[in-house]
Amino acid sequence: MTGLASLPVFFNLKGKRAILAGGSNAVLWKAELLQAAGADVEVYAVAPCPGLAELAERRPSVRLFLRDVQNEDLNGAALAIADVGSAAEAERFRAAANAAGAPANVIDKPAFSDFQFGAIVDRSPLVIAISTDGASPILTQALRGRIEAILPGAIKLWAAAAKSWRKPLKALALPPKARRRFWELFNAKAFAANGAPGENLFAELLAEAGRQSQSVEKGSVALVGAGPGDPELLTLKALRMLQSADVVLYDDLVAPAIVDMARREAEKIAVGKRGYKPSCQQDHIISMMIGLAKEGKRVVRLKGGDPMIFGRATEEISALRAAGIAIEVVPGVTAALGAAAALQVSLTERDKARRVQFITAHAHDGKLPQDIDWRALSDPRASSVVYMGARTLGVLVERLLAHGLDPATPALLVERATCADERRIGATIASLPGKVAAETLSGPCLIFIGAVFAATEGEVAPAKEAAQID
């Protein structure tokens, strides 16, 4: 998991004291929120806004004191909130609250706050909180709106049902497999239903989970494409596979943010393979997949780009079939297409590119493959994409020029395609090796060759900068 700006925690405030200092509308909103969460709210304000007095009249759990808060008022409080004007006042309040053992929040002064309030989607008992760590309140509100829109209308009722069923389900002491299947069936119905769960649903789900769990569970393997790097290019089916996996075997090129999308309980194992670097052997990876699947586990073999493009998928599929393992392939956006989209360059174009060809410039011995069709690769009416070609670029270009490719043909090297730190080096095919040699490359690279890349010639810049994207 990547670093968290702050820890999201859901605080049980039922029957606990919450202190608020100040009489503003902002304090009113906090008082309403805290009383809704079950806290015993005490508001200290010399001149409270009208809403605070009305709230105290309507809600017995809210008490209003027409004076400033004192240090002794903070003793025994679960948390303390203030709306004050100056930094000195904020610092004094926080120090007093902390001395009394209470975390403090000073409204609109994060530097003096132990915790923050986020935007809330309330479908109690389902509660979703959103925070950008103060970076953009407008973005926070926009995200809340998006989440509100995708939640089923009756999800509150389904969440309440789930809460009420936990104890009786636990009392049945079901095997872990049956209990997990019960909740999987419940979740599927919750997102498909238009209304509340039926009266007999608990018994129906229990019976179905029992039937399904008694059958011998067979493991499976899914070869899943993680896309070229940008997590937003992951497909919905790939995401579903990750969130139902027992084990994820992921390549070195898969972004950590994508690996983190896997089910929290899933075992995540790095099986990286990088040219010219220590790597996990293919036979060992295949053996792991077969062994884990035979244990009844749902295995996701997570590959960068598309698993069927230079991903050694045929070897894995053949071995899994021979072992009798169920297998599924989930395509991903291959790096060439992701990079072309980021470049806004079509790989096919009338009168410039009649066909597209992908090749690898890295054989099993680390050298340039001996069976490349140089005539096809030198075709001026083709868009060519070379995978794994940074180390053999010089020899590749020599052979292309020797087979008649125009030295002025546009060419481009893209490092870490679609990632935030993507880099592009544009040139002619003849000058590209020299430009690349002047740079330090550390990530996976693609080489693009063809007339459609004319607009990128001479470009040497990060993708975001080159495209003038903030």
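No value in this document is a laboratory result; all are computed from the given coordinates. Given the structure is predicted, the values throughout are model-derived calculations rather than measurements. Note that each Cβ is placed from the backbone with ideal geometry, even for glycine, and that neighbours are counted across all protein chains shown.
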Estimated FRET transfer efficiency (N98, L139; beta-carbon r; R0 30 Å; 0.05):
0.50
Calculate how steeply helix 176-192 sits against the longest principal axis of the alpha-carbon atoms of the chain, using the helix alpha-carbon long axis, and give the answer as 0 to 90 degrees to the nearest 10.
90 degrees
Given segment 220-333, what count of lysine pairs have C-alpha atoms under 18 Å apart, with each pair 8 or more places apart or on different chains?
6
Lys and Arg at +1, Asp and Glu at -1: add these up for the other residues within a Cβ distance under 12 Å of V300 and post the number.
+4
Given backbone amide H placed at 1.01 Å from N, residues whose amide H is under 5 Å from that of D40, ignoring those fewer than 5 places away on the same chain, are G15, K16, R17, A18
Show the residues, 5+ positions off or on another chain, whose built amide H is closer than 5 Å to the amide H of K268.
V248
Residue by residue, what Karplus-based ³J(HN,Hα) values in Hz, rounded to whole numbers, does segment 124-136 have, using 6.51, -1.76 and 1.60 with θ = phi - 60° and x for Gly and Pro?
3, x, 7, 10, 10, 10, 10, 9, 10, 6, x, 5, 7
Estimated FRET transfer efficiency when R0 is 22 angstrom, pair D252-E328 (beta carbons, to 0.05):
0.45
Projecting the Cα atoms of G225, Y250, I327 onto the charge dipole of segment 220-333, where Lys and Arg contribute +1 and Asp and Glu -1 at Cβ, the residue farthest towards the positive end is I327
When Rg is the radius of gyration of the Cα atoms in segment 220-333 and Rh is its Kirkwood radius, what does Rg/Rh come to?
0.92
In the neighborhood of A154, defined by Cβ-to-Cβ distances under 13 Å, what is the net charge if each Lys or Arg adds +1 and each Asp or Glu adds -1?
+3
Where does each of 219-227, 417-425, 186-194 land if you order them by average Cβ count within 10 Å, highest first?
219-227, 417-425, 186-194
Could you give the nm distance between label points at K218 and T348, where each point is 7 Å from its Cα heading toward the beta carbon?
3.8 nm
Calculate the dipole size of the chain relative to its Cα centre from +1 charges on Lys and Arg beta carbons and -1 charges on Asp and Glu beta carbons; express the result in debye to the nearest 20.
1500 debye
So what is the 222 nm mean residue ellipticity for the chain from helices alone, if each DSSP H run of at least 4 adds -39500 (n - 2.57) and you divide by all residues, rounding to the nearest 500 deg cm²/dmol?
-10500 deg cm²/dmol
Treating only Lys and Arg (+1) and Asp and Glu (-1) as charged, each at its beta carbon, one finds that segment 336-453 has a dipole about its Cα centre, in Debye to the nearest 20, of 160 debye
Which residue, I285, L205, N187, has the largest displacement toward the positive end of the dipole of the chain when charges sit on each Cβ (Lys, Arg +1; Asp, Glu -1)?
L205
Picking from N75, V452, T132, whose Cα lies most toward the positive end of the charge dipole for the chain (charges on Cβ: Lys, Arg +1; Asp, Glu -1)?
N75
What is the packing order of peptides 165-176, 128-139, taking the mean over residues of other C-beta atoms within 10 Å and listing the highest first?
128-139, 165-176
For T235 and E295, extending 7 Å from Cα along the Cα-Cβ vector and measuring point to point gives, in nm, a value of 2.8 nm
Excluding same-chain residues fewer than 8 positions from K109, which lysines have a Cα within less than 19 Å of its Cα?
K30
Leaving out same-chain residues fewer than 8 places away, which lysines sit with a Cα under 16 Å from that of K163?
K189
Rounded to whole Hz, the Karplus (6.51, -1.76, 1.60) HN-Hα couplings of segment 356-362, x for glycine and proline
10, 9, 10, 9, 10, 9, 9
For segment 282-294, 3J(HN,Hα) per residue [Karplus equation, 6.51 cos²θ - 1.76 cosθ + 1.60, θ = phi - 60°, Hz, x = Gly/Pro]
4, 4, 5, 4, 4, 4, 5, 4, 5, x, 5, 5, 5
